[in-house]
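To keep things clear, I will list the structure first and then write my remarks on it.
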Amino acid sequence: MPTYDAHVFDITRVIQLAIAPVFMLTAVASLINALLGRLARAVDRRRVVETKLSETGESDHESLVELRLLGRRIQLVLWSIGFAVMSALMVCLLIGTAFMGAYTSLDLSRTVAILFVASVVALTGCLLLFMREVFLAALSARHGVHARRV
């Protein structure tokens, strides 16, 4: 039977170890905020282009290419947000698992490690998709929408 002091020490140690994942959670939340801003801008621009096309009644090639490009950017941002949310959920599960292990005296270190690695992998996927979306946006601005491969 663990003593009261040992149990308090375990909980204190878990709180100290949970600080790093909480910082990661804050970073992921900031990244999601930035992604939502990019999504809003792309959706707004898509609405403007669609309105322009419907008003003129003609479908000029440049507007259609821009619509395709905006659609691809929106898709990339949505997938990136999905990976970021998955990463954040795994960090939350990691913190909860760490506390559960301390309260029940179970060895959940492997589970915590797997959740951390999975969270970092999801965050890496998020950042790669984000980088691709930024490159698409930069190419469209630099070359005036003419992207070869959308």
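The values are calculated or read from the model by the stated rules, or taken from the named source; none is laboratory data. Just so it is clear, the model here is predicted, and its values are computed rather than measured. Glycine gets a Cβ as well: all are built from the backbone with ideal geometry, and neighbour counts include every protein chain shown.
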Over region 85-107, the set of residues in contact with a Gly (Cβ under 9 Å, 6 or more places away or on another chain) and surrounded by 17 or more Cβ atoms within 10 Å (Cβ to Cβ) is M86, S87
Quick one: in region 60-89, which of the residues that are in a helix (DSSP H, G or I) and of a type in the set (D, E) is modelled with the lowest pLDDT?
E62
Find all pairs meeting these conditions: Cβ atoms under 9 angstrom apart; at least six residues apart or on different chains; first residue within region 36-61 and acidic (D, E) and surrounded by 11 or more Cβ atoms within 10 Å (Cβ to Cβ); second residue modelled with pLDDT under 95 and in a helix (DSSP H, G or I).
E50/S63; E50/L67; D60/L53
Kindly evaluate S54 against the criterion of being small (G, A, S) and at pLDDT below 90.
yes
Being surrounded by fewer than 18 Cβ atoms within 10 Å (Cβ to Cβ), at pLDDT 95 or above, part of a helix (DSSP H, G or I) and small (G, A, S) narrows it down to one residue among A118, A122; which is it?
A118
For region 15-35, give me the residue count where each residue is of a type in the set (V, I, T), surrounded by fewer than 17 Cβ atoms within 10 Å (Cβ to Cβ) and in contact (Cβ under 8 Å) with a residue 60 or more places away in the chain.
1
Return a yes/no flag: does region 3-12 have any residue that is in contact with a Leu (Cβ under 8 Å, 6 or more places away or on another chain) and at pLDDT below 95.
no
